[in-house]
Amino acid sequence: MREIELSLNQTQKIRLKRALEKLESLSSKANSNSNASVSISDSIPVNLEDGVLKGHGTLDLNGELVATLCGVVERVNKLVYVRALRARYKPEVGDIVVGRVSEVAQKRWRLDIHYSQDAVLMLSSMNLPDGIQRRRTALDELNMRSIFEENDVICAEVRGIQHDGLHLQARSQKYGKLERGQLLTVPPYLVRRRKQHFHHLEQYGVDLILGCNGFIWVGEHVEAKDDMVEDQVSKPEQQKSNKNSISLEEQEQTYTPIETRQNICRIANALRVLSILGFNITIEVIMDTMNLSSSLNLDIHEMLGSEFCVLVAEGEAERRSLTKRKG
């Protein structure tokens, strides 16, 4: 998504440069109080006599600890390592990820999750459509395509790394197939790991899932349904007597209101702008960008214009400076 280039005039270039310089100065001041930013071959101040453990991104050169990549110095007890600011996605157990089904294999689905290899979702690692906890049968394996098929977008959780690759699980109602929305791709380092990655924007009727792997889903809000609550006995009789009404209900369910579609596109463009500028993507920054576009009465396509990107950068610089003053 960062391949979108902005055509700025001279005034906009100056304004954007000032805003980014202000953000950089605020970031450097914050890092000076905690962890230092380093580039390749920079010296990392440590006392080697204390038995420091050299971690990722460090090298002992002539009795001095130096950085082998650009990033931020992190310290965990005696371990010292460099966390790269721009790196590929590295999965951790418990990560919320969004992926696209690339293959339906024997008792498993393979998913593209923006990682160096496809992830694996086993048939036994997800809830069945009927919601009943039972052993998977040969019939379940034959009906796998009725659950997920190629190119379906799925939300799941990282279960762990095993001998045959990265394994996922989807044992909750909040996981599963995603429909009626947009899938966006941003650099994974822009999405930080947080306690909450599922967001329901009630005022817009939109669900937002910030995948740790850089895949972000923006779609129409869907209420989680519990299939076990349904009365299986009376269901066939209802289907016989209400065929016409059910077909109408299904048509209404598959239709997304135009207002919701516009909200999905507006949020998606807000994410595109933040990705272009290289800002960390959080729900607070997304909502600020949405509110700014609404206050300026911009059309959805105008959000990708140069002027709006500059205004977002200036607004973010002002917000961080105010936050720093209050702190």
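Modelled spin labels at ARG136 and LEU26, positioned 7 Å past Cα toward Cβ, are 4.8 nm from each other. Reducing segment 51-97 and segment 171-189 to their Cα centroids gives an inter-centroid distance of 29 Å. Rounded, prolate or oblate for segment 7-160? Axes are the square roots of the Cα gyration tensor eigenvalues, ordered a ≥ b ≥ c, and the cut-off for rounded is a/c under 1.5. Judged from the Cα gyration tensor, segment 7-160 comes out oblate (a/c at least 1.5, b/c at or above a/b).
Using amide H atoms built 1.01 Å from N in the peptide plane, name the residues 5+ places from CYS70, or on other chains, whose amide H lies under 5 Å from its own. Those lying under 5 Å, H to H, from CYS70 are ILE40.
State whether the chain is rounded, prolate or oblate according to the following rule on the C-alpha gyration tensor (a ≥ b ≥ c being the square roots of its eigenvalues): a/c under 1.5 gives rounded; otherwise a/b larger than b/c gives prolate, and the remaining case gives oblate. Oblate, because a/c is 1.5 or more while a/b does not exceed b/c.
Of the GluC sites (Glu not before Pro) found in segment 86-150, those that fall in a DSSP loop while having at most 14 other beta-carbon atoms within 10 Å are GLU92, GLU149, GLU150.
Each residue of segment 185-196 was assigned a 3J(HN,Hα) from its phi angle through the Karplus curve 6.51 cos²θ - 1.76 cosθ + 1.60 (θ = phi - 60°); the sequence is 10, 10, x, x, 6, 7, 9, 7, 6, 9, 5, 10 Hz, with glycine and proline shown as x. I need the shape label for segment 118-186. Rule: rounded when a/c is under 1.5, else prolate if a/b > b/c, else oblate, with a, b, c from the alpha carbon gyration tensor. Verdict is oblate for segment 118-186.
Restriction of the trypsin sites (Lys or Arg not before Pro) in segment 111-179 to DSSP coil positions whose beta-carbon has at most 15 other beta-carbons within 10 angstrom yields ARG134, ARG135, ARG136, ARG171, LYS174.
Only protein atoms count toward the accessible area here, which uses a 1.4 Å probe; on the chain, the carbon and sulfur part of that area reaches 49 percent.
As a calculated quantity, the FRET efficiency between ASN9 and LEU53 at R0 = 51 Å, using C-beta atoms, amounts to about 0.50. Place a point 7 Å from Cα of PHE198 in the direction of its Cβ. Which residues in segment 140-165 have their backbone N less than 12 Å from it? Zone members listed by number: 155-157. Estimated purely from DSSP H runs of n ≥ 4, each contributing -39500 (n - 2.57), the mean residue ellipticity at 222 nm for the chain is -10000 deg cm²/dmol once divided by its residues. Of the cross-linked pairs LYS54/LYS324; LYS54/LYS90; LYS22/LYS326; LYS174/LYS195; LYS22/LYS324, those separated by over 22 Å at the C-alpha level are LYS54/LYS324. Backbone geometry of segment 282-287 corresponds, through the Karplus equation with coefficients 6.51, -1.76 and 1.60 at θ = phi - 60°, to 3J(HN,Hα) couplings of 10, 5, 5, 5, 4, 5 Hz, x marking Gly and Pro. On the beta carbon distance between ILE258 and SER41, with R0 = 51 Å, the FRET formula returns roughly 0.35. Ligands, DNA and RNA are left out, and with a 1.4 angstrom probe the accessible area of the chain is 59 Å² per residue. Derived scalar couplings between HN and Hα for segment 88-101 equal 6, 5, 10, x, 10, 4, x, 5, 8, 10, 10, x, 10, 5 Hz in order, rounded to whole Hz, by the Karplus curve 6.51 cos²θ - 1.76 cosθ + 1.60 (θ = phi - 60°), x for Gly and Pro.
The values are calculated or read from the model by the stated rules, or taken from the named source; none is laboratory data. As the structure is a prediction and not an experimental result, all values here were calculated from the model. Here the Cβ is made from the backbone with ideal geometry for all residues, glycine too, and neighbour counts use every protein chain on show. The area values use the complete protein model at the heavy-atom level, side chains included, leaving out ligands, DNA and RNA. Shrake-Rupley method; radii C 1.70, N 1.55, O 1.52, S 1.80 Å.
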